[in-house]
Amino acid sequence: MSLPSLLLVGCGKMGGALWQGWLKQGLAPSIILDRRCDAPPAPHRVVRTAGEIPGDFKPDIIILAVKPTGMEEALASLRPFLDGAIVISMLAARTVESLRAACGEATSRIVRAMPNTPAAIGKGVTGVCSSDLDDAQRALCTSLLSAVGDVAWVDNEEQLEALTPISGCGPAYVFLLAELLEKEALRVGLPPETARLIARGTVSGAGALLAASDEESETLRKNVTSPNGVTAKALEVLMAPDAWPATMSEAIDNAMKRAREMAS
Ligand SMILES: NC(=O)C1=CN([C@@H]2O[C@H](COP(=O)(O)OP(=O)(O)OC[C@H]3O[C@@H](n4cnc5c(N)ncnc54)[C@H](O)[C@@H]3O)[C@@H](O)[C@H]2O)C=CC1
Ligand SMILES: O=C(O)[C@@H]1CCC=N1
């Protein structure tokens, strides 16, 4: 797929992950706009202010990946480029209504997406919704986002907000698990290099098995858990009703509460 006119606005942790993933697929944004991006210049052009974007540049798609608090300022600076463009916002807690307001009079089509950082290696999951697109535009967005992983179109913003603490934030929970396993490996006396190797290898190996398997995650868990064996004793603690099942729900609710605060 060629992407003749893609403008990536914000090339930090998330925008940078998308950019890396796209580059690996041979997709180059035409222009990256970031105040402090250290991305190497070729094959795209890197600019630090919207004023440096050539006036005749007509982006088909603008990927917005600045912090949610930077939305108004970023879109205000992009006014000359918004007309007719599809604006895909990766911002948490910024509604279509607020995005449209920040676009002013421009005839942009607004898409809300929630990617995650495994996009950097083509293993992302992106939730996406829009009521502004025709079939061809929707297919264009799908092909762009599916270049960096799986894409899940959802019906409305409520569903996008519901998936944010699961998939947008989710990699953090998995990395926390790797951190905690490594700490435990150290605590039980393993040397640091071994602790790191076995913790990371376990999390990434389990993830790879999950990705490669048609089995339910519950089945894969049960496959590890010999009746009355060692794993069962660990899961007795982790799966107690007030342990992971409860704290995961509490964590997701807390994240959603924060998203609502940020949106208001
Ligand atoms: N980090 C993550 O895992 C995820 C982040 N997001 C969303 O992605 C967005 C970006 O988050 P991060 O990448 O973590 O933040 P970040 O702070 O790493 O990146 C933001 C980038 O935007 C640039 N920037 C900000 N305002 C600008 C402007 N007016 N003009 C040019 N460049 C500007 C900054 O220099 C920075 O490099 C947020 O809205 C967040 O909600 C969504 C899903 C996952
Ligand atoms: O923590 C955040 O607000 C963003 C949204 C999803 C992942 N990072």
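The values are calculated or read from the model by the stated rules, or taken from the named source; none is laboratory data. A quick note: this is a predicted structure, and the numbers were derived from the prediction, not measured. Here Cβ is always computed from backbone atoms with ideal geometry, including for glycine, and neighbour counts include all displayed protein chains. All accessible areas refer to the heavy atoms of the entire protein, side chains included, with ligands and DNA or RNA removed. Shrake-Rupley method; radii C 1.70, N 1.55, O 1.52, S 1.80 Å.
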Given the residues A120, A102, which is the only one that is out of contact with any Cys (no Cβ under 9 Å at 6 or more places or on another chain) and in contact (Cβ under 8 Å) with a residue 40 or more places away in the chain?
A120
Given the residues E250, E215, E261, which is the only one that is closer than 25 Å to G168 by Cα and surrounded by 13 or more Cβ atoms within 10 Å (Cβ to Cβ)?
E215
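Among the residues of region 220-234, what is the count of those that are farther than 24 Å from P165 by Cα, open to solvent by less than 100 Å² (accessible area, probe 1.4 Å) and in a helix (DSSP H, G or I)?
Residues flagged as farther than 24 Å from P165 by Cα, open to solvent by less than 100 Å² (accessible area, probe 1.4 Å) and in a helix (DSSP H, G or I) within region 220-234 amount to 4.
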Within region 12-57, track down each residue that is open to solvent by 10 Å² or more (accessible area, probe 1.4 Å) and part of a helix (DSSP H, G or I).
K13, M14, W19, Q20, L23, K24, A50, G51, E52
All conditions in (1) among the aliphatic types (A, V, I, L, M); (2) part of a loop (DSSP other than H, G, I, E, B); (3) under 18 Å from T142 (Cα atoms) are true of L7 except (2)
Scanning region 58-70 for residues that are within 15 Å of ligand 1 (Cβ to nearest atom) and either over 23 Å from A259 (Cβ atoms) or open to solvent by 70 Å² or more (accessible area, probe 1.4 Å) (or both) gives P59, K67, T69
Okay, strands (runs of 3 or more DSSP E) sitting entirely in region 73-184 with 3 or more residues that are touching a strand residue (DSSP E or B) at 6+ places or on another chain (Cβ under 8 Å) and assigned by TED's automatic domain parsing to the domain that holds A263, I get none
Here is a list: G12, G51. Which entry is under 24 Å from T142 (Cα atoms) and either assigned by TED's automatic domain parsing to the domain that holds S89 or away from ligand 1 (no atom under 11 Å from the Cβ) (or both)?
G12
Residues satisfying the stated conditions in region 235-247, i.e. of a type outside the set (A, V, I, L, M, F, W, C) and either surrounded by 10 or more Cβ atoms within 10 Å (Cβ to Cβ) or assigned to a helix (DSSP H, G or I) (or both):
E236, P245, T247
Out of region 47-91, which residues are within 15 Å of I32 (Cβ to Cβ) and of a type in the set (K, R)?
R48
E97 closer than 26 Å to E52 by Cβ and either of a type in the set (D, E, K, R) or crowded, with 23+ Cβ neighbours inside 10 Å (or both)
no
What number goes with the only condition from (1) away from ligand 1 (no atom under 16 Å from the Cβ); (2) more than 16 Å from G124 (Cα to Cα) that E161 does not pass?
(1)
With the checklist (1) of a type in the set (A, V, I, L, M, F, W, C); (2) open to solvent by 10 Å² or more (accessible area, probe 1.4 Å); (3) without any contact (Cβ under 8 Å) to a residue 60 or more places away in the chain in hand, flag the one item V111 doesn't pass.
(2)
